[in-house]
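Asks: The structure that follows is given in the form of structure tokens.
Just so it is clear, none of the values below were taken in a lab; they were calculated from the coordinates. Fair warning: this is a prediction, and the values are worked out from it, not measured in the lab. With ideal geometry, Cβ positions are generated from the backbone for all residues, glycine too; neighbour counts draw on all protein chains shown.
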Amino acid sequence: MKLSTNFVKDYVDIDVDVKKLAEDMTNVGNEYDVAEKLINATKLIVGEVKECEMHPDSDHLHICKVDIGTEILTIVCGAPNVRKGLKVIVAQARSRITRRY
């Protein structure tokens, strides 16, 4: 099972090491294989799609106007489910994402 500590913090007030949390969960019947950070990212923000149109030169790309709070960005997106009103993660310039496998 993958469980985000941020998700857990939405429901209970915890301030423990992730390894300790995993051990405590095991003690109440929820086993775990590994407790680790799954992703490390910088310069990611949440934006809201204000407009979404098909790209004129593509059958699968969209041109979106995304409000990030301080400005509205024009973003070309290939996600088939993008639509007006959707909250999306926006990787700003010089963002960095490191995944662990």
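Asks: Would you please name the residue that is nearest to the chain's Cα centre (by Cα), looking only at residues in the range 1-23 that are assigned to a helix (DSSP H, G or I), surrounded by fewer than 12 Cβ atoms within 10 Å (Cβ to Cβ) and not polar (S, T, N, Q)?
Replies: Ranking the candidates gives 7 first.
Asks: Now a separate question. Scan the range 27-58 residue by residue and report those that are among the hydroxyl-bearing types (Ser, Thr, Tyr), under 28 Å from residue 98 (Cα atoms) and more than 15 Å from the chain's Cα centre (by Cα).
Replies: 32 - this is the single residue of the range 27-58 that is among the hydroxyl-bearing types (Ser, Thr, Tyr), under 28 Å from residue 98 (Cα atoms) and more than 15 Å from the chain's Cα centre (by Cα).
Asks: A follow-up question, please. Looking only at the range 42-59, count every residue that is touching a strand residue (DSSP E or B) at 6+ places or on another chain (Cβ under 9 Å) and loosely packed, with under 10 Cβ neighbours inside 10 Å and tell me the total.
Replies: Narrowing the range 42-59 to residues touching a strand residue (DSSP E or B) at 6+ places or on another chain (Cβ under 9 Å): 42-56, 58.
Still in the running and loosely packed, with under 10 Cβ neighbours inside 10 Å: 56.
The total comes to 1.
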